[in-house]
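Taken together, the values in this text are just the output of simple stated rules run on the coordinates, not laboratory data. Everything numeric here is computed off the predicted structure, so don't read it as measured data. All Cβ positions, even for glycine, are placed from backbone atoms using ideal geometry, and neighbour counts span all protein chains on display.
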Amino acid sequence: MSDLPQIARLKARFRALPPLQVDLTLAAFVLAVQLSPFFGERWTSGAWHWWGYVVVVASAVPLVWRRRAPVATLVLSICPVPFYDLADALPSQPIWYSSLVCLYTVAAYSSRWPRVAMLVSTLVGGIALVGSSETAVRGTVCAVAAYAIGRATATSRAYAAALEERAVQLERERTLEAERAAERERARIARDMHDILAHAVSLMVVQAEAGPVVVRSDPARAEAAFDAIATAGRDAMAQLRRMLGVLKEDEGPRAPQPTIADLPALVAQVPLPVSLQAHGTPRPLRPDAEVAVYRIAQESLTNVVKHAGASRAEVTLRWSDEALTLDVADDGAGAGLALPSGGNGLIGIRERAAACGGTVSAGPRAGGQGFEVSVRLPLTPDRDHVRQGVRR
């Protein structure tokens, strides 16, 4: 097992070599092997006929172009072989090595029909030209083995390419998922900032408009209005600092997001009489659902202040075994008014509820004047709804 990294490094270095350099080296090696019988026995000048050298060189040199033209290289390598025995004074040897390498290359790099045709032609031609059945059998076995090794190499290369492509695809998918997660986080932050700023600015505008009216007739009420402006501004600044602090990588422990427990403080900021009621037994909610309840109530009350023209509002929590229902209702005339074009109010409410697997209904109050927003959040959210809400 300890040799595997070393083998892998050697393979990587070999693949990094220029193909032409590899093929030149291979041609030189095959040529040396085929010429070795000419120098491996005792011989005197002129003992071996020059024709043998020509045939050996002619069969080995085409290996240099084996990858660029596999079929043509195989043909050029095989053609000189039958002419080796035209001269008598030659070493007895098969001139097969370069042809086997070329057949391997055809099996590894050529398409289906050319490689099959070349295999059949090589086998038929070899059997027809050899002088003995033993040589024919040996040549057939060598040719089939070379072809099989070439196909195994092609399959391995295709498998490695598929794995590499799959790895690239997975990396691309991880990148896209990270980008989508960042987009979802930016959308969440945008909704939170919209809720914070819209609520605080709406309260401050209403109180600022009321202050000058009562500053002479009711100084105490005017002072309370200005205190409410200051409180709303400080609360908005605190929430914005907390949110922006989450974005800092070097920030310490994160401050908690607002939850259902903060609803009384939210209701107290509204410059209208607002009642807060709860029915049923409170049950545990996931942290994102707790934040969603607060933000939905905040956005709904902001819409009441900005658009409803109401004199009072009601916030009601209804707990059951399956779900929490949040109702925000008013007695204003805002039911007949359209929200500003491009507004994020009801859209943001629907998005927050959908992200928690919940549903939203909004419209005129049944049996009376005013507008009502009703949100149902399941205590055990439907995962499909959560996914759909996140994808939005």
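Below, the figures for the structure above:
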{"item": "Fewest-first ranking of Ile7, Ile260, Ile349, Ile149, using other Cβ atoms within 10 Å as the exposure measure", "result": "Ile7, Ile149, Ile260, Ile349"}
{"item": "R0 of 35 Å, Cβ-Cβ distance Ser320-Ala190: FRET efficiency to nearest 0.05", "result": "0.65"}
{"item": "Label-point gap, in nm, between Trp113 and Leu197 - each point 7 angstrom along Cα→Cβ", "result": "6.8 nm"}
{"item": "Cα gyration tensor of segment 108-165 - equivalent ellipsoid semi-axes, whole Å, descending", "result": "30, 12, 5"}
{"item": "Lys, Arg +1 and Asp, Glu -1 on Cβ, resulting dipole of segment 4-129 about Cα centre, debye, nearest 20", "result": "820 debye"}
{"item": "Using a Förster distance of 22 Å, the FRET efficiency for Asp227-Val205 (Cβ separation, nearest 0.05)", "result": "0.90"}
{"item": "Estimated distance in nm for a label pair at Ala152 and Glu171, the labels positioned 7 Å out from Cα along Cα-to-Cβ", "result": "3.1 nm"}
{"item": "Simple spin-label estimate for Ile7 and Ser36 in nanometres, 7 Å along Cα-Cβ", "result": "2.5 nm"}
{"item": "Net length gained if the chain between Ala28 and Glu164 were fully extended (0.36 nm per residue, minus Cα distance)", "result": "45.6 nm"}
